[in-house]
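Heads up: the structure comes next, in structure tokens.
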């Protein structure tokens with residue numbers, strides 16, 4: 001046993017008893033996205049390294065420290081994608097999807113970052129990404145927030161997440177603010193930690209997002225970006241908050257919310273929770289109009305968000321959100337004839353009830369042991385087929401989740417009608 005190969009650190013398995021929660025969340029996510037008219041796009045896991053250097057920024061932690069980068073046999077530098085926005089935009093540019101077109105897209109799959117693993121943060125993690133292109137009006141920024149609000153309600157976690165908003169303005173406005181911010185922090189170098197000193201001349205806005213409690217006061221007294229925004233940026237942000245106010249979605253304006261990637265402009269937002277300790281951000285995103293030109297496209301508009309599934313599921317698990325059972329009906333077979341005929345009966349049920357989740361006991365054993373397995377499976381009903389029932393063309397039906405329902409014996413045809421009326425409705 002000592003020589004067994006184990007999973008790579010930070011890359012974990014999702015075991016069968018965990019997948020129902022994943023499947024429940026994934027189905028709700030797909031339903032909500034389709035309800036807003038979003039289309040799925042499927043993207044490669046590996047991209048050229050240059051794509052992420054140009055989009056994320058060479059002086060970010062992701063590019064400097066966290067990317068899984070390697071040379072292939074042709075000598076090309078390739079990278080396992082650390083995030084999905086750059087790859088999605090690359091695909092749209094490559095296939096001409098942005099020329100006088102509007103798109104609402106989503107993708108789902110593994111991302112990779114080499115950082116210290118902890119609960120809710122892994123080196124391979126599953127991420128949902130939603131991207132929109134070709135829309136400059138604040139309506140689309142607001143739509144993404146409304147979509148997420150509806151998603152939280154459907155997932156049963158709405159009262160455990162809260163929305164934080166900010167505006168980063170345009171690149172030009174941010175450059176003016178950047179100079180003011182650097183000047184301020186240079187007057188307080190003795191209060192900056194090592195990371196902040198490193199970021200001072202590369203990405204000073206990230207200092208505002210520090211988690212170091214010792215820097216709380218110096219950050220609180222720093223200049224605020226909102227004071228540097230032009231009229232157009234202010235009105236864009238006001239239009240979003242007006243929609244949220246009118247619909248009744250609460251939010252907090254967090255002037256220290258800057259996001260970790262260089263390509264954001266104007267709207268940025270995060271949905272946060274206090275249920276997961278330090279890993280409080282459940283979903284985050286914003287507007288990134290400038291990234292399209294940065295990757296070689298013509299000027300255009302883009303807004304999106306990303307959500308790490310492991311953190312979302314950790315929140316759902318903490319709240320004991322109910323999940324759909326993987327089994328609707330469990331078929332118990334006792335006796336030689338029952339074992340043979342039970343297989344045929346199970347196929348007849350599947351043929352007539354589309355989508356039913358029917359599990360047949362293929363291990364055997366006593367009725368008592370099979371019944372225990374039926375109950376443990378999470379099934380709503382147990383079908384009990386013995387040799388006597390086979391000879392009469394009957395089957396017993398036992399409700400496993402409702403003690404008020406009495407066990408009954410029906411013909412096999414009537415049993416199928418019974419299940420049709422109660423399962424997969």
Query raised in the report: Any idea what the alpha-carbon Rg over 2.2 N^0.38 Å comes to for the range 174-228?
Result: 1.01
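Wrap a convex hull around the Cα atoms of the range 329-422, take a quarter of its surface area, and give that in square nanometres.
Average of the hull's projected areas for the range 329-422 equals 5.5 nm².
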**Report entry** the range 329-422 - percent relative contact order, Cα under 8 Å, separation 6 or more
**Finding:** 31 percent
Query raised in the report: Where does each of 104, 81, 158 land when they are ranked from fewest to most other beta-carbon atoms within 10 angstrom?
Result: 158, 104, 81
Query raised in the report: Can you give me the relative contact order of the range 174-228 as a percent, contacts being Cα pairs under 8 Å and 6 or more apart?
Result: 47 percent
Query raised in the report: Quick one: 368, 65, 153, fewest Cβ neighbours within 10 Å first, how do they rank?
Result: 368, 65, 153
Query raised in the report: When the label point is put 7 Å from the Cα of residue 190 along its Cα-to-beta-carbon vector, which residues of the range 201-228 have a backbone N closer than 15 Å?
Result: 218
Report task. Using the number of other C-beta atoms within 10 angstrom as an exposure proxy, rank 362, 283 with the fewest first. Result -> 362, 283
Query raised in the report: For the chain, with equal point scatterers placed on the C-alpha atoms only and solvent neglected, what are the log10 I(q)/I(0) values from the Debye formula at q = 0.07, 0.10, 0.13 1/Å, to two decimals?
Result: -0.47, -0.81, -1.14
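If the viscosity is 1.306 mPa s and the temperature 10 °C, what Stokes-Einstein diffusion coefficient in µm²/s follows for the range 267-425 when Rh is the Kirkwood radius over Cα pairs? Walk me through the numbers on the way to the answer.
Values: Rh = 19.5 Å.
D = 81 µm²/s.
Using every Cα-Cα pair within the range 280-371, state what percent have a distance larger than 18 Å.
On the way: 2886 of 4186 pairs.
When all Cα pairs of the range 280-371 are counted, 69 percent exceed 18 Å.
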**Report entry** Set of the range 325-348 residues, backbone N closer than 16 Å to the point 7 Å along the Cα-Cβ line of residue 407
**Finding:** 330-335
Query raised in the report: Could you give the distance between the Cα centres of the range 63-111 and the range 26-47, to the whole Å?
Result: 16 Å
Query raised in the report: In nm, what is the difference between 0.36 nm times the number of residues separating residue 137 and residue 65 and their Cα-Cα distance?
Result: 22.3 nm
Query raised in the report: How many nm separate the modelled label positions at residue 337 and residue 3, each set 7 Å beyond the Cα in the direction of the Cβ?
Result: 5.3 nm
Query raised in the report: Measuring from centroid to centroid over Cα atoms, what is the spacing of the range 363-425 and the range 136-152 in Å?
Result: 46 Å
Query raised in the report: Spin-label point model (7 Å from Cα, Cβ direction): what's the residue 26 to residue 243 distance in nm?
Result: 3.0 nm
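Hey, how much of the P(r) for the range 368-425 falls beyond 12 Å, as a percent of Cα pairs?
Percent of Cα pairs beyond 12 Å in the range 368-425: 69.
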Query - Where labels lie 7 Å past Cα in the beta-carbon direction, separation of residue 118 and residue 318 in nm - result: 1.3 nm
Query - Within the range 122-166: backbone nitrogen closer than 14 Å to the residue 232 label point (7 Å, Cα to C-beta) - result: 136-138
Report summary line: Relative contact order of the chain (C-alpha contacts under 8 Å, at least 6 apart) in percent is 15 percent
Report task. Looking at the chain, send over the antiparallel percent of its DSSP beta bridges, to the nearest 5. Result -> 80 percent
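Each reported figure results from applying straightforward, stated rules to the coordinates on display, with no laboratory input. Given the structure is predicted, the values throughout are model-derived calculations rather than measurements. Glycine also receives a Cβ, built like all others from the backbone with ideal geometry; neighbour counts cover every protein chain displayed.
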